[in-house]
């Protein structure tokens, strides 16, 4: 089946509930239990674990867990034996064991993970550490549709019930017929460099893991172009103006805390200004040389799960890591460290 | 006041209802009546008409019309005499004249426009013909916030009332405290060219004005990067695959029919495929030479309000116009006609 045929089949399944319902028992599924994702274990790469419908029904049933169309969303179309079959994500909740149970819920989930040929992990950590873009984007879709379909139950305009599509790609008000779609917003993420291109301004977010520095990011407001969004976010967060902004032609869907599409830029700062961080969002913002950032990149690559995070308050403020390889910030910073960003000389502002 | 100070002031006004309410009587305002925008008349450029709060109160009052905080949204901060003052957009509805009235509502609005030093125009036409990006983006924000704040009255999760911020930049559920923000989604808009870069594939949308051809565009789905969105939209709409996609580093907020942020790309088509248009969306898709497109560009520039649109069915299918200068599609097509798009040779897919 060609790419065009696949795209059109997905477009059909998305809106044709009856057709998709018929396909469900032939589908393959990836799984979340208690908002934790089933991924491979003991493999060099972190990947989603897929099961056939029948196999998953049986294995979950042994633990008293059930899934159905209401807990599932359409993620992709996969080649089957003769034709295409759907890939669903399904998200279920496990009941707490009885109080007098000899084993904890954590133990139950560990056993369940084993039975299913994997382990359960935090969604953010999975996004940060999965190496394949396709896997990360499927997870972003799974999380976005799961959260959106759990939130959009009533029409924001008239408060009547929303009829959710089986695919979870839209919901229609049963009274006023208005259709709502999964919401996610454009975010600018911008690497700020100095006019020599040899230094980068990185920031530490409040509440982020100690020693991890990254690029400036924020949601676009209505009425802004992406460049205007980047320029405003830089002013809001680190209190400086920039002399140019340009697209890096990289983007990444990111599902948390709110769903977004991160769009990468590089900006050259005006150097006659003092950094003044927005204290609600940032702990600190500092200039680092390319060598300092390269060192942090290498530390991150050698410890991709950030197991050696600094614990003391002082160390938190020291550049030790950048975000892991699954984050677009990592890829942007790496591109700059490797000298692969060509900054145009024409100003974009 | 510096750009940084302005950005931080807007950020403060956005969430501090009491502070913004105090500023309201000092504000300047732009106006919609019956969803039509007040713009300048008899000027070479179409621009928003601004009024002071007091002046607008008085002039609208003479026509029995009223505005207040509930009909208004925060658009910008402008320099006042000593400090910054807010720019609001306010959108009011005019009552129909009594049945036995000697003058029609249309006449009333024409008179009102005159009194206000302008005329009322269709929002889409204003977006297409306003020459300044700042003006278009203010209008996009005005329309997006007006429509969003009229729609989001009840919590989609629990159906309780939403408390709308005065700025219209967010609304909080009075019961579950969840905060919602104005929704607008990323859209890829892509100029498809052939491997020689000398021909472009342009499309005519169903229901668009006759003879107007444009680029392929569509909303991003959750879990897609912008490049994946562009690739899928091209497959869905014209049934072909492309060998590369790259960002044009241009974007534009667009408020209708649904609010979006259009992000421009160029794609090089694989040439071994037949065009097959999606009949729900498109009337036709055709390859045109650079000279054919240049001719349509020149026709559009010489008739920016598209006053000589073809009327017959055959003429509708002939490339006569591209979208007017306010549309990002116009700017992308013009850049290509002028030979100013550098297509990289590295594939992005």
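The values are calculated or read from the model by the stated rules, or taken from the named source; none is laboratory data. Values in this document were obtained by computation on a predicted structure and should not be read as measured data. Positions of Cβ are backbone-derived with ideal geometry, glycine not excepted, and every protein chain shown enters the neighbour counts.
The sole residue among B:119, B:153, B:124 that is surrounded by fewer than 20 Cβ atoms within 10 Å (Cβ to Cβ), closer than 30 Å to residue B:46 by Cα and out of contact with any helix residue (DSSP H, G or I) (no Cβ under 8 Å at 6 or more places or on another chain) is B:124. Regarding residue B:214, is this residue facing chain A (nearest Cβ under 10 Å) and either on the phi < 0 side of the Ramachandran plot or in contact (Cβ under 8 Å) with a residue 60 or more places away in the chain (or both)? Judged against the criteria, residue B:214 is not a match. Residue under question is residue B:54, and the condition is that it be modelled with pLDDT under 95 and over 26 Å from residue B:256 (Cα atoms); does it hold? So residue B:54 fails the test. Which residue is nearest to the other protein chains (Cβ to nearest Cβ), if the candidates are limited to region B:236-261 and must be surrounded by fewer than 22 Cβ atoms within 10 Å (Cβ to Cβ) and under 25 Å from residue A:179 (Cα atoms)? Among residues in region B:236-261 that are surrounded by fewer than 22 Cβ atoms within 10 Å (Cβ to Cβ) and under 25 Å from residue A:179 (Cα atoms), the one nearest to the other protein chains (Cβ to nearest Cβ) is B:236. Of the residues making up region B:144-175, those that are assigned to a loop (DSSP other than H, G, I, E, B), more than 30 Å from residue B:264 (Cα to Cα) and within 10 Å of chain A (Cβ to nearest Cβ) number 7. Does residue B:277 count as more than 9 Å from every other protein chain (Cβ to nearest Cβ) and either assigned to a loop (DSSP other than H, G, I, E, B) or free of Cβ contacts under 8 Å to residues at least 24 places away in the same chain (or both)? Answer is yes for this residue. Within region B:301-315, the set of residues being over 24 Å from the mean Cα position of the chain (by Cα) and in a helix (DSSP H, G or I) comprises B:313, B:314, B:315. Can you confirm whether region B:196-208 contains a residue that is part of a strand (DSSP E or B), buried (at least 19 other Cβ atoms within 10 Å of the Cβ) and within 20 Å of the chain's Cα centre (by Cα)? Taking every residue of region B:196-208 in turn, at least one turns out to be part of a strand (DSSP E or B), buried (at least 19 other Cβ atoms within 10 Å of the Cβ) and within 20 Å of the chain's Cα centre (by Cα). Looking across B:283, B:228, B:298, one residue alone is surrounded by fewer than 24 Cβ atoms within 10 Å (Cβ to Cβ), assigned to a helix (DSSP H, G or I) and more than 13 Å from chain A (Cβ to nearest Cβ). It is B:298.
If you go through region A:124-138 one residue at a time, how many are more than 8 Å from chain B (Cβ to nearest Cβ), closer than 16 Å to residue A:50 by Cα and in a helix (DSSP H, G or I)? Of the residues in that region, 4 qualify.
The residue pairs whose first member lies in region B:1-18 and is in contact (Cβ under 8 Å) with a residue 40 or more places away in the chain, whose second member is surrounded by 15 or more Cβ atoms within 10 Å (Cβ to Cβ) and part of a helix (DSSP H, G or I), and whose beta carbons are closer than 6 Å, counting only pairs six or more residues apart or on different chains, are B:13/B:20.
Considering the conditions (1) modelled with pLDDT of 90 or more; (2) farther than 19 Å from residue A:167 by Cα; (3) surrounded by 11 or more Cβ atoms within 10 Å (Cβ to Cβ); (4) over 25 Å from the mean Cα position of the chain (by Cα), residue A:39 is excluded by exactly one of them, (4).
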